[in-house]
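One structure is given here, and the rest of the page talks about it.
The values are calculated or read from the model by the stated rules, or taken from the named source; none is laboratory data. In this text the structure is predicted, and so the values were computed from the model without any measurement. Glycine gets a Cβ as well: all are built from the backbone with ideal geometry, and neighbour counts include every protein chain shown.
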Amino acid sequence: MKAALFVSPNVIEVKHDLPEPEFKEGILVKVKTTGFCATDVKTIKGLKKSNRPLPAAFGHEFSGVVVKTTINKYKEGDRVSVSPFCGCGHCVFCLGGEEQLCKSKTFFSGGSTSDYVAVNPMLANKAGFVMPADVTWEEGAMTEPLACVLLSLRSTGFKPGESVLVLGAGFMGMLHVLLAKSWGASRVMVSEPSKFRRETAVKFGADVLDPTTGVDVGEWARSLCGEGPNIIIAAAGTKPVADSAFKAAGLGTRIHLFGGMPTGTMIDVSADDIHYKRITLLGTSGFRSVDVQTAADMIKGHSIDLKPLVTHRFSVEEAQAAFEMAQQENALKVMMENADF
Ligand SMILES: [Zn+2]
Ligand SMILES: [Zn+2]
């Protein structure tokens, strides 16, 4: 089979003579569409350790067709989306509703820049769904990032009518905008230096600020929403963004550090602010199976429109060009299509 392989920092190669993954039980999926994730970008740039020995296929946001199955939930020919992992189901974290913290997660084989991936029965049952004909391959491939944002916003205790400030409107920041809007936020505010991203956020109904103009983000937000904002999402994983989240916090604000930061990043937190302003600090990464199922329901129910988030399309053969594009500020989600589908 063919696969785009991460070979060494910043280098991707496409190989055509690779063995298909070993399939025993669960489902074997022929991959149609794979999203380029910021985590893939970080890993390929060499900023994050690869989970697998190199060269290795990458990609974990995908949709495709079931070509073999041993489980009842799927039949051959089903169009499916499967998220990349699930918890063991029986540890304290899984039982306590914090499946994303499970230390015995199970993953699918390889990466979705391959023609085929093998999905074990537990993962196929918990983190996969059959896509109806009116759900596009690309929407299916965005289920996992939506699940991550569902866990993020759920963990803040978001309630309809609350105000949300998103710092950094890349793809994941923009997904927070869409989700907060669809859940009835009173106001969604975005601080983002890129003009393209600000203009896109405006189309999704957000109020926007260019933080490079020197305007104080917190004062700007409070001029729009009174005390608060209720929730601040630090969607970009940098120390300056985390610092500005604390600066922008008002009375009772819940700050969510969503963007993963380089290992060892330290932030300064004012103990006074935590105590007197009752600021709450949160973080999540990943998702739970319940978030995947909610994401699937939202996509199937067309209660959120993810399609405008796809800005660029490449074939898997063009993975290197897709990688370069995914680092550009005018890219939100870059998709790779399997051309010989
Ligand atoms: Zn991802
Ligand atoms: Zn577990």
Going through segment 273-310 in order, the residues found to be at positive phi and touching a helix residue (DSSP H, G or I) at 6+ places or on another chain (Cβ under 6 Å) are G286
Every residue in segment 208-238 that is out of contact with any helix residue (DSSP H, G or I) (no Cβ under 9 Å at 6 or more places or on another chain), of a type outside the set (A, V, I, L, M, F, W, C) and modelled with pLDDT of 95 or more, please. T212, T213, S223, N230
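Restricting segment 79-100 to residues that are within 16 Å of ligand 1 (Cβ to nearest atom) and of a type outside the set (S, T, N, Q), which is surrounded by the fewest Cβ atoms within 10 Å (Cβ to Cβ)?
Step by step, filter segment 79-100, then rank; the result is F85.
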When you go through Q293, Q328 one by one, which is the residue that is farther than 26 Å from S244 by Cβ, not acidic (D, E) and not assigned by TED's automatic domain parsing to the domain that holds P262? Q293
Show me the strands (runs of 3 or more DSSP E) entirely contained within segment 1-104 in which 3 or more residues are more than 21 Å from K126 (Cα to Cα). 3-8, 11-15
Number of the condition not met by V188 [criteria: (1) surrounded by fewer than 18 Cβ atoms within 10 Å (Cβ to Cβ); (2) of a type outside the set (D, E, K, R); (3) under 17 Å from R254 (Cβ atoms)]: (1)
Contact list please: Cβ distance under 8 Å, first residue in segment 178-207 and assigned to a loop (DSSP other than H, G, I, E, B), second residue polar (S, T, N, Q) and at pLDDT 95 or above, pairs at least six apart or on different chains. A185/S163; S186/S163; P193/T212; S194/N330
Restricted to segment 91-125 and to residues being among the polar types (S, T, N, Q) and free of Cβ contacts under 8 Å to residues at least 24 places away in the same chain, the residue nearest to T69 (Cα to Cα) is T106
I need a count of the residues in segment 152-171 that are closer than 27 Å to F196 by Cα and either outside any helix (DSSP H, G or I) or within 14 Å of ligand 1 (Cβ to nearest atom) (or both). 11
Out of the residues in segment 5-21 that are in contact with a Phe, Trp or Tyr (Cβ under 9 Å, 6 or more places away or on another chain) and closer than 12 Å to T43 by Cβ, which is surrounded by the fewest Cβ atoms within 10 Å (Cβ to Cβ)? N10
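Could you look through segment 237-265, keep only residues that are among the small types (G, A, S) and surrounded by fewer than 17 Cβ atoms within 10 Å (Cβ to Cβ), and pick out the one that is nearest to the chain's Cα centre (by Cα)?
G260
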Within 16 Å of ligand 2 (Cβ to nearest atom), surrounded by 22 or more Cβ atoms within 10 Å (Cβ to Cβ) and of a type in the set (G, A, S): which single residue out of A169, A127, A141 fits that description? A127
Between K24, K49, K45, K2, which is away from ligand 2 (no atom under 16 Å from the Cβ), surrounded by 14 or more Cβ atoms within 10 Å (Cβ to Cβ) and of a type in the set (D, E, K, R)? K2
Output for segment 305-321, where each listed residue is outside any helix (DSSP H, G or I) and surrounded by 19 or more Cβ atoms within 10 Å (Cβ to Cβ): L306, V310, F314
Just one of (1) surrounded by fewer than 18 Cβ atoms within 10 Å (Cβ to Cβ); (2) within 16 Å of ligand 2 (Cβ to nearest atom) trips up E76, so point out which. (2)
